[in-house]
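What follows is calculated from the coordinates using simple rules that are stated; it is not laboratory data. No experiment lies behind these values; they were computed from the predicted model shown. Here the Cβ is made from the backbone with ideal geometry for all residues, glycine too, and neighbour counts use every protein chain on show.
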Amino acid sequence: MIMKLLLLGVVGYVIYFFFFKDGGFSKKINKDDSETMVECEACDVYISVEDSIIKDGKYYCSKECASLS
Ligand SMILES: [Zn+2]
């Protein structure tokens, strides 16, 4: 009986640990995705994907650069 309780405690701890670990890991991946840097096709400036303008499958830092090429 004591062994069963001990096993249940260990399993519970492992499940809790994996959920906690996955939560932190997912948060880190999401943060990395939003901060992925891409190079502007026109002026070679690096900008984050969120701030970039995508035209014809290429990344540009501004509307001016996007209209240049
Ligand atoms: Zn540019």
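Details
- Label positions at LYS55 and THR36, each projected 7 Å from the Cα along the C-beta direction, are separated by 2.2 nm.
- Footprinting exposure proxy for SER52, SER62, SER67 (fewest neighbouring C-beta atoms within 10 Å first): SER67, SER62, SER52
- Potential lengthening of the chain between SER62 and ASP44 amounts to 5.3 nm, from the contour at 0.36 nm per residue minus the alpha-carbon distance.
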